[in-house]
Amino acid sequence: MGQPDDGGAAARIEQLRRLIEYHNHRYYVLDAPEIADHEYDALFRELQDLEASHPELVTPNSPTQRVGAPPVESFAPAPHAFPMLSLANAFDANDLREFDARCKRMLGMGPEAIIEYTVEAKIDGLGISLTYEQGHFVRGATRGDGTTGEDVSANLRTIRAIPTILPDGLGLPSSFEVRGEVFLSKTEFARINAERGIEGLPLFANPRNAAAGTIRQLDSSVAARRRLQARFYDIRSDGRIPASTQLEVVELLRSAHFPTNDPTQMALGVEEVVRLCGEAEHTHSALDFAVDGMVVKVNSLALQAELGQVSRSPRWAIAYKFPPERARTRVLRIVAQVGRTGAVTPVAEMEPVFLDGSTVSRATLHNEDEVRRKDVRIGDFVWIQKAGDIIPEVVEVDVAARSGDEQEFAMPAECPVCGGAVVREEGEAVARCSNPLCVAKLKTGLQHFASRRAMDIDGLGPAIIEQLVDRGLVRDFADLYQLTHEQLAGLDRMAGKSAANLLAAIEASKRTSLARLVFALGIRHVGEHVADVLASHMGSLERLRSATEDELSSIHEIGPQIAASVAGFFADPRAQALLDRLVAAGLTWEEARSTSNMEDAFIAGKTFVFTGKLEHMTREEAEALVRSRGGRAASSVSAKTHCVVAGPGAGSKLDKARELGIEVMSEDEFLSKLGSPPDADNPTGPHQQSLAF
Ligand code: IVH
C-alpha cells in the first residue's frame, strides 16, 4: 500500500482516532478489551506515523496527544456555564430522615409518601467539569470557587478513560458539561509515594492531595505518568437532555462512553436509603479508592427542578458522611519528635494495625496536656482514628485493659535532636526546642534566612535547601557563604547557569542591613518590625549581641517576652559562634539611623499604610523609612492605622481609610512633614559599617 494522499490521510487519521478511542473505552472503562495489545499498538503506531508526516492534521483530541502537552506557565480561568454546587451533609440516619421529610414538605407530599432516591459513593477526589461541543471534548476545568475554575484540559486529556470523541446517535445536545470526580487509586497513590520517597521528594498525605497535585501540574507529561481516574454522575446543558431520572442520566453517560460512578443504586423511600448507607459503611474500605460517604439524590429530574437549590447546595441531594473508622492497638513507646518549626511533639509508637486502608504504627499525641488529658501511658491499649481521614490520632484509652504496669510519659527537658533546652512558654500548649540553630529546624530556618525580606537570596528555594542540607553541604546559615560553584552545580535540577546565578545571589546578600540580618536569624518573636526596632536602637551588632535582658526591655515596643527571647538567643555560645562566622564571611551593611535621630514625632509610634503609586521612592523604601524612624508600616488599613499615604491609583485601602476617618495624605505632603526629606536612594543615611568590629 502506498502513502495515502492528503485527503486519504485525513480520512484514515479520523478513522484511526475513532477506532483507538473505541478500544480505549473497551480497555479503560469497560475493562473488556476486544483486541490484543499488539494490535492496539499497531493502530496507534499507524496513527503516529500518519500524524508525523501530516503535522498539520494533529489535533489536541487525538489519542496520540494523551501523553502530555508542552508545559504551561499558568492555567487559564474557566468560567462554568452552570455553577458547581456543594452538598449539605448528613451524619446519621436521623439526618437522612430529616432530609426526606424536608423534601416531602417542599414538594407538598404527605409524610406517608415514598420518594425514589439514588444512592452512590461519594468519591474523595476533586470535582471537575468537562465541556463537549458537537461531540468533541473542548475543555476540562477544576471546580475552583464553583463559579470559575481552572482550565486543566491538558492534564485531563491524559486520562484515557475520558472520551475525547463521543459516539453519535444518543440525542445529546450540541453543547453540554459533564460533571464528575477525578481521583487516584490507593494503589497508584502508594506507587507515587514510594517513587517520591526514593527521589527524596516530600510525600503526599493522602490520595486526594496527590490527585490535586497532579491535576494542577503545569507540565501535563507529569500527569500522564500518574494514572488518574475519573467517574461521572451529572450532565448540564441549556439544551434538552434525553433523560428524566438520575438513573437515566447515569445510563446516558455510560452510553456516551463515560466512566460512571457505579453502582448507582435505587432506593424506594428513606429507610432503604438508610440501609444502603449503613451497608456501604462496612464495605467501602475494601475499594481501591477513597470514599468518604454516600450521595443521596432524588431520582426524578422533574422533582429535582421543583426542589431547586439553597445557598450553593441543591435541596434534592445530600451527602451521608461515614463516621471515622477506629482501630484498637497497644502503645509501645512515646517518643518526642522535633518538627520543622522546633515544636516538640509526643508521638505514640504502637503495634502496627490496619486502619482505613493503611497500616498505622504511629499516632500524634499533639502535646503534653493532651497526653495528660487522655491519660495515655506507655503500655496502654488505645483506640485510634484518622483525623480528617489523614493523620492517625489516639482517641481514647481502654482503661479497663490496664495491667498496672503502664508508665506515664514525661516531656524531655532537652531536645532529642540537638540537646538544646525544651521550653514551654506560659500560656502555650506547645513545647519547643529553644535553640534557633537546631538542625531539626535548619531547612525552614534557611528558607526564612534566604527569603526576600530577610537576606534576599534569589534562587535559594526549598528544593535546593533540601539537597544542601541532606547532602551535608550546609549545617548552618554561615555555611551558605562557603558554597562553591562545583558544589552548587552538582545539585539536581541545577544547570551551570543557575549555579552561577545562585552563587552571585549569595554573594550579593552579603551587603545587607543590620535589621535584615537580625530578622533573618529567625529569633523567636522577632519579626521584621521588631528586628528594625532592635537594629535602630542598638545601632550595631556589637551592642545588640551583648545587650542584657533589662537593656532590651527598656526599649519602647520591646516587651519582656521579646527581650527574654533575644537575650536568650545571644546567650547561647552557638549563636555567638555563628555570628562570628557570618562576620568572617564578609557581611556588611549600612548603619541604621541611631536612636538619637528618632525624635520625629510625626512617625514614631504610628502605623502607616502606603497605597497607590509612589513617585519618589518604592513602597519598600517608604516602609523602611517609616520603620527607621520608629513607626510601623502595615499592608492593610484597620482601626489601628494612623495615616494612609495615597498615590495615584489608590483604591479600596483609600476608601476604607475615609470610611474609618483615618488621616490621608499625598506622598508630597508626607515627605514635607518629615523634617529633612531623605535622599530617595538612601533613606537611612549612608554610613557604611563593616561587621568586622
Ligand atoms: S453530586 C449538586 N455525586 O462532592 C452537587 N458529588 O460536596 C453535585 N462528589 O462538589 C454533586 N462524589 O465534587 C455528587 N457521587 C457524587 C460525588 C460528588 C463526590 C463531590 C463533588 C461535589 C462535592 C460536594
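Under a plain spin-label model, where a point goes 7 Å from the Cα along Cα-to-Cβ, how far apart in nm are residue 22 and residue 59?
About 1.7 nm separates the two model spin labels.
Stokes-Einstein D for the stretch 71-175 at 37 °C, 0.692 mPa s, Kirkwood Rh over Cα pairs, in µm²/s?
Once the numbers are plugged in, D ends up at 192 µm²/s.
If a cysteine in the chain has no other Cys Cβ under 4.7 Å from its own Cβ, put it on the list, ordered by number.
That list is 103, 277, 643.
In terms of the ratio Rg/(2.2 N^0.38 Å) built on C-alpha atoms, what value belongs to the stretch 294-419? Show your work: numbers first, answer last.
Working: Rg = 21.1 Å, N = 126, 2.2 N^0.38 = 13.8 Å.
Here the answer is 1.52, to two decimals.
Take the stretch 239-342, drop everything but the C-alpha atoms, weight them equally and run the Debye formula without solvent; then report log10 I(q)/I(0) at 0.13, 0.14, 0.17 Å⁻¹ to two decimals.
With one equal scatterer per Cα and no solvent, log10 I(q)/I(0) is -0.66, -0.73, -0.96.
Could you tell me the calculated FRET efficiency between residue 668 and residue 489, based on Cβ-Cβ distance and R0 = 45 angstrom, to the nearest 0.05?
Given R0 = 45 Å and the Cβ-Cβ separation, E is 0.35.
Plugging the Kirkwood radius over Cα pairs into Stokes-Einstein for the stretch 469-537, at a temperature of 4 °C and a viscosity of 1.567 mPa s, what D comes out in µm²/s?
94
Could I get the Rg over Rh figure for the stretch 217-285? Both from C-alpha atoms, Rh via Kirkwood, rounded to two places.
Using only Cα positions, Rg/Rh for the stretch 217-285 is 1.10.
For a quick protection proxy, order the peptides 190-196, 460-466 by their average other-Cβ count within 10 Å, most packed first. Mind dumping the intermediate values first?
Working: 190-196: 15.1, 460-466: 17.7.
Peptide ranking by packing, descending: 460-466, 190-196.
With axes computed from alpha carbons, what is the tilt in degrees of helix 270-283 against the longest principal axis of the chain, rounded to the nearest 10 within 0 to 90?
The answer is roughly 60 degrees.
At a Förster radius of 35 Å, what calculated FRET efficiency corresponds to the Cβ-Cβ distance of residue 510 and residue 341, to the nearest 0.05?
0.80
Taking Cα atoms, how many degrees apart are the long axis of helix 93-106 and the longest axis of the chain, rounded to 10 and kept between 0 and 90?
Relative to the chain, helix 93-106 is tipped by roughly 70 degrees.
Below 13 Å, Cα to Cα, which aspartates and glutamates can residue 497 reach? Residues fewer than 8 away in the same chain don't count.
In chain and number order, the partners are 486.
Using packing as a proxy for protection, rank 475-486, 434-445 so that the peptide with the highest average count of other Cβ atoms within 10 Å comes first. If you can, show how the numbers build up before the last one.
Values: 475-486: 15.7, 434-445: 20.8.
Highest-to-lowest ranking by the protection proxy: 434-445, 475-486.
Expressed in nm to one decimal, what extension gain is obtained for the pair residue 475 and residue 114 from 0.36 nm per residue of sequence separation less their Cα-Cα distance?
Gain on extension, residue 475 to residue 114, equals 123.0 nm.
Once you have the Cα-Cα distance between residue 362 and residue 551, take 0.36 nm times their residue separation minus that, and quote the gain in nm to one decimal. Before the final figure, lay out each step's value.
Details: separation 189, 0.36 × 189 = 68.04 nm, distance 4.59 nm.
Between residue 362 and residue 551, full extension yields 63.4 nm more.
Based on Cβ point charges of +1 for Lys and Arg and -1 for Asp and Glu, what charge dipole magnitude is obtained for the stretch 1-137 about its Cα centre, in debye rounded to the nearest 20?
500
Compactness ratio of the chain: Cα Rg over 2.2 N^0.38 Å, N = residue count?
1.20
Suppose we look only past 20 Å in the calculated P(r) of the stretch 419-491. What percent of the Cα-Cα pairs does that tail hold?
For the stretch 419-491, the fraction of Cα-Cα distances above 20 Å is 37 percent.
Extension gain residue 106-residue 458, at 0.36 nm per residue separation less the Cα-Cα distance, in nm?
The span from residue 106 to residue 458 would gain 120.7 nm if fully extended.
If you average 1/r across every pair of different Cα atoms in the stretch 141-262 and take the reciprocal, what Kirkwood value do you get, in Å?
Working: mean 1/r = 0.0631 Å⁻¹.
Result for the stretch 141-262 stands at 15.9 Å.
List residues of the stretch 89-129, by number, whose backbone nitrogen lies under 15 Å from a label position 7 Å along Cα→C-beta of residue 311.
89
D for the stretch 373-515, whole µm²/s, Stokes-Einstein with Kirkwood Rh over alpha-carbon pairs at 37 °C and 0.692 mPa s: what number?
174
To test your reading of the geometry: what angle, between 0 and 90 degrees and rounded to tens, separates the Cα axis of helix 246-255 from the longest principal axis of the chain?
The angle comes out at about 80 degrees.
Which of the listed residues, 283, 142, 484, is farthest toward the dipole's positive end in the chain, when Lys, Arg count +1 and Asp, Glu count -1 at the beta-carbon?
The Cα lying farthest towards the positive end belongs to 484.
Please list the equivalent ellipsoid semi-axes of the stretch 122-208, computed as the square roots of five times the alpha-carbon gyration tensor eigenvalues, in descending order and whole angstrom.
Details: eigenvalues 185, 41, 26 Å².
Calculated on Cα positions only, the semi-axes equal 30, 14, 11 Å.
Can you spot the aspartates and glutamates whose alpha carbon is less than 16 Å from residue 441's alpha carbon? Ignore those fewer than 8 places along the same chain.
414, 466, 470, 476, 479
Near residue 374, which lysines are there with a Cα under 18 Å away, not counting those fewer than 8 places off in the same chain?
Cα-Cα hits under 18 Å: 386.
Dipole size in debye (nearest 20) for the chain around its Cα centre, Lys and Arg Cβ +1, Asp and Glu Cβ -1?
That gives a dipole near 420 debye.
Could you give the dipole magnitude of the stretch 158-201 about its Cα centre, charging the beta-carbon of Lys and Arg +1 and that of Asp and Glu -1, in debye to the nearest 20?
With only Lys, Arg, Asp and Glu charged at Cβ, the dipole is about 120 debye.
FYI, it's all coordinate maths here, none of it is from the lab. Source: prediction; values computed, not measured. Virtual Cβ from ideal backbone geometry, glycine too; neighbours counted across all protein chains shown.
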